[in-house]
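Participant: Pasting a structure here, questions to come.
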Amino acid sequence: MTDQVQICRFTIGPFAENCYLLIGPSGRTAGLVDPGLGSEVVLETVQERDLELEWIINTHGHVDHVAGNRFFKDQTGARLILHPADAQLAANASRQLASLQLMGLGTGLRASDSPPPDDLFEEGKPFVLDGVRFDVIHTPGHSPGGVSLRSGRSLIVGDTLFKGSIGRTDLPGGSYPQLIASVREKLFCLPGDTVCYPGHGPETTIEIERRTNPFFISDSAVGTGP
């Protein structure tokens, strides 16, 4: 958890996406991060714990992170927040999925387009959940509007940084040099014991990635991309 917020991870859907339920210090208010394909099951936990879902939060606008936006907004009335550079991307989630199916991925699945956001992330403008401050860090590269959210020693990084890897940059709007710069200049300057909660795969720390991530410890990795 952060200093005050409990972070519950749900690994869901055909892309094994991490959806995070952030439970505030009151134990009654929550935020949902990146509800993707198959995330509807998380509603059971929200209801069982009698949580008021205040925010639906997107770290970026790719379909495997936004496909559940409309469902949770309809079911809970929670407000949606994401970066303006990815708002149009999220609004075309069904088109994104169709493109992936042409590549042989996500065959037979359907996705709802995201509704318009109620608020927008802005770097330097903190996001607040149940009185707890999250600093917004714009980390483009995987997508134009990718953000990381920091509270205390916890950092929700979306698909910007993974344990031993980084997010793909070959989708529309992606930029390998931009992603490398985002991590080097905005994330690696954070304390080494900062725990990173990625959009896929297990948690890691800033120190581990600074020391061992092959995309940053070898100049030969620059420009190759996953």
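Participant: Tell me, which residue of segment 179-199 that is of a type in the set (A, V, I, L, M) and not in a loop (DSSP other than H, G, I, E, B) is surrounded by the fewest Cβ atoms within 10 Å (Cβ to Cβ)?
Facilitator: Only one residue fits best here, namely 181.
Participant: Scanning for something crowded, with 22+ Cβ neighbours inside 10 Å and under 12 Å from the mean Cα position of the chain (by Cα), does segment 68-78 turn up at least one residue?
Facilitator: No - not one qualifying residue is present in segment 68-78.
Participant: Within segment 92-121, take every residue that is outside any loop (DSSP other than H, G, I, E, B) and modelled with pLDDT of 95 or more and give me the one that is surrounded by the most Cβ atoms within 10 Å (Cβ to Cβ).
Facilitator: Among them, the one singled out is 120.
Participant: Hey, another quick one. For residue 133, state whether it is of a type in the set (D, E, K, R), in contact (Cβ under 8 Å) with a residue 60 or more places away in the chain and closer than 22 Å to residue 32 by Cα. Reasoning before the result, please.
Facilitator: On the way: of a type in the set (D, E, K, R): yes; in contact (Cβ under 8 Å) with a residue 60 or more places away in the chain: no; closer than 22 Å to residue 32 by Cα: yes.
So residue 133 does not fit the description; no.
Participant: Going by what's in this entry, would residue 165 be described as hydroxyl-bearing (Ser, Thr, Tyr) and under 17 Å from residue 211 (Cβ atoms)?
Facilitator: Details: hydroxyl-bearing (Ser, Thr, Tyr): yes; under 17 Å from residue 211 (Cβ atoms): yes.
Against the criterion (hydroxyl-bearing (Ser, Thr, Tyr) and under 17 Å from residue 211 (Cβ atoms)), residue 165 qualifies.
The values are calculated or read from the model by the stated rules, or taken from the named source; none is laboratory data. What you are looking at is a predicted structure, and each value in this text was computed from that prediction instead of being measured. Reconstructed Cβ throughout: ideal geometry from the backbone, glycine too, with neighbour counts over all protein chains shown.
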